[in-house]
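Colleague: I have a structure here, written as structure tokens, and I will follow up with some questions on it.
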Amino acid sequence: MAQELQLRTSAETARKWHALAERRRRHFVDLYRSERWRRYYSEESFLAQMRDVIETVEMWAKVINRTPAADAPSKSTQH
């Protein structure tokens, strides 16, 4: 029971971090499209940040896919 709770919590936490990384990625895409990034970054620095953002999203997606509880719905959401 405790391990099930821990796995479910880990999967939920991973999904939250993935969602945060996705929001950050969308923000960087918006900066790129609007060219506002030029106000805050050099081109080299922005590209490095964008690579980091993309790698972070991909890393959290892999974590979610590896989590055994990722496919199992949370018991608190079942009625």
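The values are calculated or read from the model by the stated rules, or taken from the named source; none is laboratory data. Note that the structure is predicted; figures quoted are calculated from it, not measured. When we count neighbours, we look across all protein chains shown, and the Cβ atoms used for this are built from the backbone with ideal geometry, even at glycine.
Colleague: If the Cβ limit is 9 Å and pairs must be 6+ apart or interchain, which residue in region 28-39 that is within 19 Å of Glu55 (Cα to Cα) and touching a residue at least 40 places away in the same chain (Cβ under 8 Å) pairs with which residue that is surrounded by 10 or more Cβ atoms within 10 Å (Cβ to Cβ) and of a type in the set (Val, Ile, Thr)?
Modeller: none
Colleague: Mind listing whichever residues of region 13-27 are free of Cβ contacts under 8 Å to residues at least 24 places away in the same chain and either within 20 Å of Lys62 (Cβ to Cβ) or of a type in the set (Gly, Ala, Ser) (or both)?
Modeller: Listed by number, the residues that qualify are Thr13, Lys16, Ala19, Leu20, Arg23, Arg26.
Colleague: If the Cβ limit is 7 Å and pairs must be 6+ apart or interchain, which residue in region 53-77 that is aromatic (Phe, Trp, Tyr) pairs with which residue that is modelled with pLDDT of 75 or more?
Modeller: Trp60/Ala14; Trp60/Trp17; Trp60/His18; Trp60/Ala21
Colleague: Which residue is modelled with the highest pLDDT, if the candidates are limited to region 11-61 and must be of a type in the set (Gly, Ala, Ser) and surrounded by 14 or more Cβ atoms within 10 Å (Cβ to Cβ)?
Modeller: Filtering first and then ranking leaves Ala21.
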